[in-house]
Amino acid sequence: KIDLQLPIYLVAARHMSGVDQVAGAFYLPIERPANKLTFRSEDGSSVEGEDRSEKKKIAKAKGVFNGEFADSLDGSVSFYSACYNYSITQKEGVYGRYDNSASLRPVDFANLLRYTETVIQSTAAAIYDGQISVWPYRLHTDSPCSNCDYRAVCKFDWQINNYRPIPAVNKSEFLAGLAGGDHG
C-alpha cells in the first residue's frame, strides 16, 4: 500500500475527466547524478556509466501502463523501449520480462485500479471515523520515519511503539493477490 501514488493519479484522472479508460502514468527524475546515468549498449541492454555524451543519455520514464497502449507510447520498440520500462519478447510480446516491466496486462491493470479505489475509499472511511493514529510502516529495515520532517513533534516513538510491518512482494505476487481478491 505504499506505492500507489501513480495509480491514485490514474483513478483521479478517470473520475475527474469522466473517461472510462486511462492508459498509464509515469514520472521522470528531474535530475540524475552523473555517476548514475544509464546508457544503451549496442545489443540494446542498459549499462550504468559516466559517459557524458548527450547523445547516449537515457532518462526512462518510470511508472505503470496498460500494455494495450505500448505502440502508442513507443511504436519503434523492437526489443527494449528506449523511453519506458518494458521490452518485447517473441513469446510474451509487450509483456516480456513481466516481473520487471511497467507494462501490465489489461486484466492486471484493471485490478490495480480497482484495488486503488478500494484503498482510497477505506482510507477515507478510516479518517472519517477518526482513525488518525500514527502507525508508520516498516519494510525490512526501511521506514519513512528516518526521512520525516516532523519527527520532533510526532507521537510515534520507535522505542516503545510498534511499526506496521509490510511484507516485501514482487510484482507477480502483488498482482496474484489482486486477482485472488487479497486486498489486505
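In segment 130-163, what residues are outside any loop (DSSP other than H, G, I, E, B) and surrounded by 11 or more Cβ atoms within 10 Å (Cβ to Cβ)?
Selection gives Y137, R138, L139, D142, P144, C145.
Pairs, please: C-beta under 6 Å, at least 6 apart or cross-chain, first residue under 10 Å from R164 (Cβ atoms) and among the basic types (K, R) and in segment 127-139, second open to solvent by less than 100 Å² (accessible area, probe 1.4 Å) and in a strand (DSSP E or B)?
none
Using the structure shown, decide if D108 is at pLDDT 90 or above and open to solvent by 40 Å² or more (accessible area, probe 1.4 Å).
no
Counting only residues that are open to solvent by 40 Å² or more (accessible area, probe 1.4 Å), in contact (Cβ under 8 Å) with a residue 24 or more places away in the chain and over 17 Å from the mean Cα position of the chain (by Cα), how many does segment 79-97 have?
Of the residues in segment 79-97, 3 are open to solvent by 40 Å² or more (accessible area, probe 1.4 Å), in contact (Cβ under 8 Å) with a residue 24 or more places away in the chain and over 17 Å from the mean Cα position of the chain (by Cα).
Name the one entry in A124, A179 that is closer than 21 Å to D3 by Cβ and touching a helix residue (DSSP H, G or I) at 6+ places or on another chain (Cβ under 7 Å).
Criteria check complete, one pass: A179.
Which of the residues belonging to segment 96-124 are more than 30 Å from V134 (Cβ to Cβ) and among the hydroxyl-bearing types (S, T, Y)?
Passing the criteria: Y98, S101, S103.
Within segment 127-176, take every residue that is aliphatic (A, V, I, L, M) and touching a helix residue (DSSP H, G or I) at 6+ places or on another chain (Cβ under 8 Å) and give me the one that is modelled with the lowest pLDDT.
V169
Given the criterion open to solvent by 60 Å² or more (accessible area, probe 1.4 Å), assigned to a loop (DSSP other than H, G, I, E, B), over 29 Å from V11 (Cβ atoms) and modelled with pLDDT under 95, identify the matching residue among E42, E31.
One residue alone meets the criteria, E42.
The values are calculated or read from the model by the stated rules, or taken from the named source; none is laboratory data. Predicted model, so just to flag it, every value in this text is computed and none were measured. Every residue, glycine among them, receives a Cβ derived from its backbone with ideal geometry; neighbour counts consider all protein chains shown. The accessibility values were calculated without ligands, DNA or RNA, using every heavy atom of the protein model including side chains. Shrake-Rupley method; radii C 1.70, N 1.55, O 1.52, S 1.80 Å.
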